[in-house]
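Report on the following structure.
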Amino acid sequence: MSEVYIIGADMIAFGRYPDRNPAQLGGEAALMALDDAGLGIKDVDILYTGSSFTAGASMSQQIMREIGQTGIPCVNVSNACASGATAVREAFTAIKSGMYDVAMAIGTEMNPRGMLGGGGSDGLTPEGIFGSGSMPAVFAECGVVHAQKYGTTLEQFAKIAVKNRKHGSLNPKAKFQTEASLEEVLASEMIAYPLTKLMCSANVDGAAALVVVSEKKAKELGMDRAVRIAGSALASDPWEAHNPELFDPNSVTRLAAKTAFDMAGIGPQDLDLVELHDCFATAEMLHYENLGLCGDGDAARMIDDGEVVLGGRIPVNVSGGLIAKGHPIGATGVANMVEIVEHLRGEAGNRQVEGARVGLSHVLGFGTSAAVHILQKA
């Protein structure tokens with residue numbers, strides 16, 4: 001089986017695009033990634049597109065109508081927040097199998113406004129019975145559980161938002177490029193304790209794309225900017241006795257991380273940077289432990305000691321994360337990998353993690369899936 005490499009990676013700036021549609025955003029990101037690879041749409045053998053709110057509308061085919069209809073297979077992926085990362089995994093599998101030499105993975109989304117999750121449904125719904133299914137409430141509850149077990153404080157959760165807003169100020173494609181002090185984060189509107197407004201990710205529009213190729217094709221094009229996908233894993237939420245009452249973002253992430261590390265033949269100690277799913281500050285805290293960046297109960301110390309800031313032992317979300325960059329559901333997983341690729345190439349500008357050679361990207365699809373990819377400098 002072929003090794004798999006990323007040779008094209010790019011994304012549009014995240015924000016709001018009221019005069020455009022998801023296919024146009026995805027098409028722009030696709031052309032940017034193709035330009036980065038030095039290829040055209042006629043060089044692509046198969047296309048995968050991840051989109052959560054618009055996947056049923058043949059998004060890959062709509063994108064092809066924007067950038068060139070070449071008759072290739074088109075696959076549409078919907079997997080909640082893991083949609084884009086799942087598209088990348090499918091592209092990885094297609095190349096790994098030897099069936100194709102050039103695949104493209106796109107994530108695109110135009111998020112609805114307002115709070116996601118919760119609300120009514122047909123039949124009996126857990127909303128209001130076991131608590132709330134709205135995303136801030138769900139991850140607030142996860143944070144409270146962590147605080148009860150380990151003594152994590154409101155200020156420690158808030159420091160994650162401070163860190164990510166500072167990182168986002170260095171990223172020209174982030175929605176929010178202004179810093180926020182600890183006092184400002186704590187003083188912002190309380191959404192669901194311990195989450196204030198500035199500790200929550202923002203619903204935005206966005207698109208990102210990767211060009212994924214076989215080793216043969218990578219060598220043909222030149223390996224100087226190639227990035228190897230060393231590990232690719234997707235896991236679904238295992239049944240646990242408490243699941244009906246409390247969504248657990250931990251087990252599914254740990255399953256995916258173990259698979260990805262085993263595939264890559266490395267461990268968390270070998271990572272130089274991480275882009276993880278900080279839909280809320282509480283989620284980032286939990287994922288330090290879930291991804292093996294520290295032991296259970298040690299996550300708060302990592303933020304207190306500055307280990308996860310740019311220049312620290314293991315920088316996390318140097319892009320600004322979802323809290324500063326924004327969270328266009330279907331595009332997030334691809335965008336996280338674009339960020340890792342830029343650092344491994346040494347092209348991340350004033351937020352560059354110096355000497356980066358190995359990075360990990362993680363996304364969590366609520367109640368469905370977690371995806372973890374390990375990328376290595378070729």
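Every number here is computed from the coordinates shown, using simple stated rules; none is lab data. Predicted model, so just to flag it, every value in this text is computed and none were measured. Positions of Cβ are backbone-derived with ideal geometry, glycine not excepted, and every protein chain shown enters the neighbour counts.
Here are the numbers:
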| read-out | value |
| --- | --- |
| Whole-number percent relative contact order across the chain, with pairs defined as alpha carbons under 8 Å at least 6 apart | 26 percent |
| Residues T253, T153, T49, sorted so that the one with the fewest Cβ neighbours within 10 Å comes first | T153, T253, T49 |
| Charged-residue dipole, Cβ positions (Lys, Arg, Asp, Glu), the chain about Cα centre, Debye nearest 20 | 540 debye |
| Ranked by how many other beta carbons lie within 10 Å on average, peptides 264-271, 85-92, 291-298 from highest | 85-92, 291-298, 264-271 |
| Debye log10 I(q)/I(0) at q = 0.06, 0.07 Å⁻¹ for the chain, Cα point scatterers | -0.20, -0.27 |
| Length added when fully stretched, D262-S58, from 0.36 nm per residue minus Cα-Cα | 70.0 nm |
| Selected from G265, A299, N250, residue furthest toward positive end of dipole (the range 240-324; charges at beta carbon) | G265 |
| Candidates F157, F366, F280: whichever shows maximal mean-square fluctuation once the chain is modelled as a Gaussian network with Cα springs under 10 Å | F366 |
| Centroid-to-centroid separation of the range 147-177 and the range 301-326 [C-alpha atoms, Å] | 8 Å |
| Helical segments meeting 20 Å axial Cα length and Kyte-Doolittle -0.5 threshold in the chain (DSSP H) | 22-37, 135-150, 249-264, 329-345 |
| Placed amide H near R357: partners under 5 Å, 5+ positions off or other chain | D272 |
| Packing-based exposure ordering (other Cβ within 10 Å, fewest first) of K217, K377 | K377, K217 |
| Hits among lysines - C-alpha to C-alpha of K219 under 18 Å, sequence gap 8 or more where chains match | K96, K377 |
| Cα gyration tensor shape for the range 242-319, rounded if a/c is under 1.5, else prolate or oblate | oblate |
| Tensor-based shape of the range 247-378 (alpha-carbon gyration tensor, a/c under 1.5 rounded, otherwise prolate or oblate) | rounded |
| Listed residue pairs exceeding 20 Å between alpha carbons, taken from K149/K197; K163/K258; K163/K197 | K149/K197; K163/K258 |
| Top positive-direction residue, dipole computed over the chain with Cβ charges, set M135, A23, L375 | A23 |
| Leading residue at positive end of dipole, the range 158-226 (Cβ point charges), from F176, P194, L221 | L221 |
| For S134, S236, order by how many other beta-carbon atoms lie within 10 Å, fewest first | S236, S134 |
| Equivalent ellipsoid semi-axes, the range 258-299, via Cα gyration tensor eigenvalues times 5, rooted, Å | 19, 11, 9 |
| For the range 1-69 and the range 189-244, distance of Cα centres in Å | 16 Å |
